[in-house]
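The values are calculated or read from the model by the stated rules, or taken from the named source; none is laboratory data. This structure is a prediction, so every number in the text was calculated from the model and none was measured. Neighbour counts run over all protein chains shown; Cβ positions are idealised from the backbone, glycine included. Please note that ligands, DNA and RNA were not included when accessible areas were found on the heavy atoms of the full protein model with its side chains. Shrake-Rupley method; radii C 1.70, N 1.55, O 1.52, S 1.80 Å.
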Amino acid sequence: MTDRVAAVTAAFEAAYGRLPTGVWSAPGRVNLIGEHTDYNNGYVLPFAINRRTWAAVGMREDRTVRLRSTFADGETTASLDALSPDAMGGWSAYVLGVAWAMADAGIDLGEASGLDILIDSDVPVGAGLSSSAALECAAGVAFTELWTLDLDKIALARIGRVAENKAVGAPTGLLDQAASMLGEEDHAVFLDCDTEAAHPVPLHLKQEGLAILVMNSNVEHEHATGGYGDRFASCANGAKALGVATLREIGADDLTRAEGALDEETYRRVRHVVTENQRVLDTVDTLAAAGPRAIGDLMNASQASMRDDFEITVPEIDLACDAAVLAGAVGARMTGGGFGGSSIALVPAEKAQEIASAVQGALSDAGLREPTIFTVAPSQGARRDR
Ligand code: ADP
Ligand code: MG
């Protein structure tokens with residue numbers, strides 16, 4: 001048992017006066033490339049990170065669910081007989097939403113036992129590293145095992161997404177949950193969001209002497225109420241005007257037609273999605289053919305597209321990426337939904353410290369809020385820990 005699993009076990013015991021039946025965990029994620037392509041049925045290439053959310057869970061004799069988190073005070077109580085998105089609020093909606101989404105998917109929870117749940121995490125919350133999916137997926141694997149349900153990893157990712165979309169009300173795609181469920185050490189997860197086919201992509205970061213810096217801008221984002229929904233709507237409008245169900249169906253060859261058919265802003269939104277999809281495919285090919293040192297230009301082009309066409313970055317992110325590249329990063333780009341959150345830099349491991357200092361210095365010189373910078377490693381997805 002790692003220290004962290006022992007700590008969450010002890011916290012459960014302190015809260016509920018008995019040992020948990022088990023401890024499960026799921027990681028946050030970083031998206032290597034492919035931003036806002038998921039809900040357009042396109043391609044994404046995230047990886048699970050070595051920051052996790054743990055769920056210590058104990059079975060009960062009744063149908064009550066009690067929830068606590070080290071992230072917030074107090075206890076929430078709910079009944080498995082009265083799960084409804086309307087009746088869920090606050091952070092517990094991410095967990096109760098998973099149970100509701102399972103029932104909504106046709107899974108019979110009529111005999112499921114109630115649960116005592118204690119959540120602990122070292123995924124920074126609201127930093128664009130998907131603490132929300134980590135929470136949903138940790139709950140998902142725990143419920144699946146405790147209630148002996150027949151759900152594979154991608155099915156659980158889908159359930160987590162439904163929880164986030166319907167119980168929480170954030171119109172996000174499958175990216176976060178797929179990464180959290182399917183992650184593997186030193187691999188990214190390629191996901192085709194149309195077919196939902198996924199496969200691991202070797203990154204060979206260690207072998208190539210590379211590391212990934214996460215640069216948390218410390219600018220808070222808010223998916224459910226922020227610009228994320230506007231971009232979602234822009235893409236839907238663009239697809240409708242172009243006569244396709246989703247932007248997945250158009251490619252670079254269609255952009256001239258799109259430019260004629262769409263207003264200037266919608267055109268730029270569409271251009272981001274179309275070119276970003278291609279960059280994901282090119283990144284997978286480049287990784288296989290030439291290794292991770294060769295993907296820097298694709299990362300930088302993605303950052304420029306998010307900044308200029310999709311307009312989802314903030315000055316703190318733009319400057320952090322520019323400063324990282326200037327200081328010797330292979331490539332750098334915002335990761336996650338945008339409007340704050342984090343960016344990533346692919347860096348030579350021996351220069352990680354120097355590049356991080358250069359980024360801090362650049363933000364400080366510009367009078368902007370300084371980021372929190374740390375390295376992450378591609379890690380294993382959701383699992384049982386105890
Ligand atoms: P992100 O996924 O980028 O971290 P979101 O806004 O999507 O940001 O999700 C953050 C929300 O998820 C928090 O406000 C909280 O409601 C919930 N959450 C995340 N981690 C925890 C945790 N350890 N305990 C309780 N709630 C959590
Ligand atoms: Mg989230």
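For the chain, count the residues as N, evaluate 2.2 N^0.38 Å, and divide the Cα radius of gyration by that value, please.
On the way: Rg = 20.7 Å, N = 386, 2.2 N^0.38 = 21.2 Å.
Computed over Cα atoms of the chain, the ratio equals 0.98.
Leaving ligands, DNA and RNA out of it, report the carbon-plus-sulfur percent of the accessible area of the range 206-261 at a 1.4 Å probe.
Solvent-exposed carbon and sulfur of the range 206-261 make up 46 percent of the total.
Under the definition of Cα pairs under 8 Å and six or more residues apart, what whole-number percent is the relative contact order of the range 3-200? Please list the in-between numbers first.
Values: 419 pairs, mean separation 56.8, N = 198.
Result for the range 3-200 is 29 percent.
Please state, as a whole number in µm²/s, the translational diffusion coefficient that the Stokes-Einstein equation yields for the range 3-200 at 10 °C and 1.306 mPa s, with Rh defined as the Kirkwood radius across alpha carbon pairs.
Numbers: Rh = 16.6 Å.
Value of D from the Cα-based Kirkwood radius: 96 µm²/s.
Taking Rh as the Kirkwood radius, which is the inverse of the mean 1/r over Cα pairs, what is the Rg/Rh value for the range 239-379?
Working: Rg = 16.8 Å, Rh = 16.3 Å.
Rg divided by Rh gives 1.03.
Which FRET efficiency, nearest 0.05, do residue 6 and residue 82 yield, Cβ-Cβ r, R0 35 Å?
Details: r = 35 Å, r/R0 = 0.99.
Calculated transfer efficiency: 0.50.
Where a Cα-Cα gap under 24 Å defines reach, which lysines qualify for residue 206, not counting those fewer than 8 residues away within the same chain?
351
Take residue 297, project a point 7 Å from its Cα along the Cβ direction, then tell me which residues of the range 305-323 have their backbone nitrogen under 16 Å from it.
305
Using a 1.4 angstrom probe and counting only protein chains, how large is the accessible area of residue 59 in Å², to 10?
Result for residue 59: roughly 80 Å² accessible.
Percent relative contact order of the range 142-237, based on C-alpha pairs within less than 8 angstrom and at least six residues apart?
That works out to 20 percent.
At a probe size of 1.4 Å, how large is the accessible area of residue 84, to the nearest 10 Å²?
40 Å²
Can you tell me the accessible area per residue over the chain, all protein chains present, probe 1.4 angstrom, in square angstrom?
Values: 14880 Å² over 386 residues.
Result: 39 Å² of accessible area for each residue.
How tilted is helix 92-104 with respect to the longest principal axis of the chain? Cα atoms for both, answer in degrees (0 to 90, nearest 10).
That works out to roughly 80 degrees.
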